[in-house]
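Here is the structure we will look at.
Derivation of every value follows stated rules applied to the coordinates shown; laboratory data play no part. Since the model is a prediction, treat every value here as computed from it, not as a measurement. When we count neighbours, we look across all protein chains shown, and the Cβ atoms used for this are built from the backbone with ideal geometry, even at glycine.
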């Protein structure tokens, strides 16, 4: 596995692989890799000849009161996991390489970024899309694979690639879950004891909405109320539960394309999750809690 900290070297490596007729796949991450990230690697290997994984904790997407300094990091472990999973190139730039000066030009994410996570974290998506645009320019992949757990972010990345004509495919992969249904996230490392058990309220709330919809309810109001009943569990502070389409617009009637998104604080840890109705919230038997 190649490990490259230099933007110039990363671009040269990717261009050389493509010149040989190889299809380059890319998985952007902030590191502290878990099975969810590694499933993205697996999916990329199915779609490309070479796999690049980036590890960069992007300061632009953290607000002043958020956990940039405390965000979990373990580069040595990431190296081991990536190598074992068959990653061909690990791109590990530092902040000085990615932002040699304060970036004056940033990507404006537009109205899809205004509700939900955008309202809860002002400026977050501008930071995300700015770094993703930079990474796409540096890596120059044929395909990028992103996870659906961050659904609003995944839809914005897809629009970024389309609206700015990046000329690559965006593949959105299903959420990977623990045996008990908890969506995998690097922030799960913060959950201990009672908080870990309380965090299951998010997937249970999504499952409750799914079940009510399958039972014949198509009005988003009662469905949201049902989900919130389950989400309001001991130790959980709900932030939102919303039923939207892929453009993040509220829906008047719920169907199999509707997405249910939820955010809550469990102790001091903020978690998000979602389900596309019709697909269900199933625990993944290959991942153990």
Exercise. Rounded to the nearest 0.05, what FRET efficiency is calculated for residue 228 and residue 69 with R0 set to 35 Å and r the Cβ-Cβ distance?
Worked result: 0.60
Problem set entry | Degrees separating the helix 35-47 axis from the principal Cα axis of the chain, which is the longest one | 60 degrees
Exercise. For the chain, what are the per-bin percents of Cα-Cα distances with bins 10 Å wide, up to the bin holding the maximum?
Worked result: 6, 27, 36, 23, 7, 1
Problem set entry | Acute angle (nearest 10 degrees) that the helix 75-85 long axis makes with the longest principal axis of the chain, alpha-carbon atoms | 90 degrees
Exercise. Kirkwood hydrodynamic radius (Cα pairs, Å) of region 186-276?
Worked result: 13.2 Å
Exercise. For the Cα atoms of the chain, what angle does the longest principal axis make with the long axis of helix 220-231, in degrees from 0 to 90, nearest 10?
Worked result: 80 degrees
Exercise. By DSSP, what percent of the beta bridges with both residues in the chain are antiparallel, rounded to the nearest 5?
Worked result: 50 percent
Exercise. Would you list 265, 149 from fewest to most Cβ contacts within 10 Å?
Worked result: 265, 149
Seminar exercise, completed: By the mean-Cβ-within-10 Å protection proxy, highest first, 85-94, 124-133 rank as 124-133, 85-94
For this session: For region 2-173, just the Cα set please: Rg and Dmax, both in angstrom.
Result: 15.3, 46
Exercise. Using 17 Å as the cut-off for backbone N distance, which residues of region 70-96 belong to the label zone defined by a point 7 Å from the Cα of residue 18 along Cα→Cβ?
Worked result: 89, 91
Seminar exercise, completed: Hits in region 127-154: amide N under 12 Å from the 7 Å Cα→Cβ extension of residue 120, namely 150-153
Problem set entry | Cα-projected label distance for residue 164 with residue 11, points at 7 Å along beta-carbon direction, nm | 1.4 nm
For this session: Take 202, 81, 164, 33 and order them by how many other Cβ atoms sit within 10 Å, fewest up front.
Result: 164, 81, 33, 202
For this session: Counting other beta carbons within 10 Å of each Cβ, put 251, 244, 24 in order, fewest first.
Result: 251, 244, 24
For this session: Would you look at the GNM of the chain, springs on alpha carbons closer than 10 Å, and say which of 157, 107, 139 moves the most?
Result: 107
For this session: Would you give the gap between the C-alpha center of region 197-221 and the C-alpha center of region 24-102, rounded to a whole Å?
Result: 32 Å
